[in-house]
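Shown next, in structure tokens, is the structure this report addresses.
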Amino acid sequence: MKNIVLNSRYSVEECLRILKDNSRKNTLLPNFSNFDKKYQFESDKDTFILKRIYSRNYYAPILKGKLTKISSGTRLEGEFETRSWAKTYTIIWFAFAILLCISMVILGIHNLFTQKKFIFDSLFPVFFPMFFILFGVNVFKSMKRQAQGWEKEMIEFLQKKLESTSLSEQR
């Protein structure tokens, strides 16, 4: 997870207003007049959640943050997260893949040593699980890589709209 800290010259209330004006509310029905707004914004006093709309990537980042008043304006501290059900899906997928792979490798090794089938039939259960796992790792890594680009885009959006300066970005 990536942490960010930004400073803005605006007050907390002004920052919340700017973010609300430049993003969409959380609604179940699509609002066809706001296609220029890429982000959905929710706030509760000084805490907020900013996430991308229409991402088609379940690993798209969600920025959960807090606005605090400082002498020169407002400090925005936030942390990028992944949707919890996307993490759950990943765990379930890899658990299924590992169980499938273990059973297929055991079957393949058993068939290889007993020579009950042709050599191809014995090697397929040994190599298929490796390709299955590699495919899953590649898919999840590519989704994460795309999401990292969106993190940068969200940071640039915040810096531009709040006229803020970046203090730090940490992984």
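The values are calculated or read from the model by the stated rules, or taken from the named source; none is laboratory data. Predicted model only: the values in this text are computed from it and were never measured. Positions of Cβ are generated from backbone atoms using ideal geometry, with glycine treated the same way; all protein chains shown enter the neighbour counts. The protein model used for the area step is the full one, side chains on, heavy atoms only, and it has no ligands, DNA or RNA in it. Shrake-Rupley method; radii C 1.70, N 1.55, O 1.52, S 1.80 Å.
Tabulated results
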| quantity | calculated |
| --- | --- |
| Criterion violated by residue 103 - all others in (1) without any contact (Cβ under 8 Å) to a residue 12 or more places away in the chain; (2) in a strand (DSSP E or B) satisfied | (2) |
| Restricting segment 59-77 to residues that are of a type in the set (D, E, K, R) and more than 9 Å from residue 12 (Cβ to Cβ), the residue that is nearest to the chain's Cα centre (by Cα) | 64 |
| Which listed residue, of 166, 71, is modelled with pLDDT under 85 and not hydrophobic (A, V, I, L, M, F, W, C) | 166 |
| Of residues in segment 131-163 being within 18 Å of residue 50 (Cβ to Cβ) and of a type in the set (Gly, Ala, Ser), the one surrounded by the fewest Cβ atoms within 10 Å (Cβ to Cβ) | 149 |
| Scan of segment 78-115 for residues that are open to solvent by 80 Å² or more (accessible area, probe 1.4 Å), over 15 Å from the mean Cα position of the chain (by Cα) and of a type outside the set (A, V, I, L, M, F, W, C), ordered by number | 110, 115 |
| Filter result (touching a residue at least 60 places away in the same chain (Cβ under 8 Å) and either surrounded by fewer than 14 Cβ atoms within 10 Å (Cβ to Cβ) or among the hydroxyl-bearing types (Ser, Thr, Tyr) (or both)) within segment 67-77 | 70, 72, 74 |
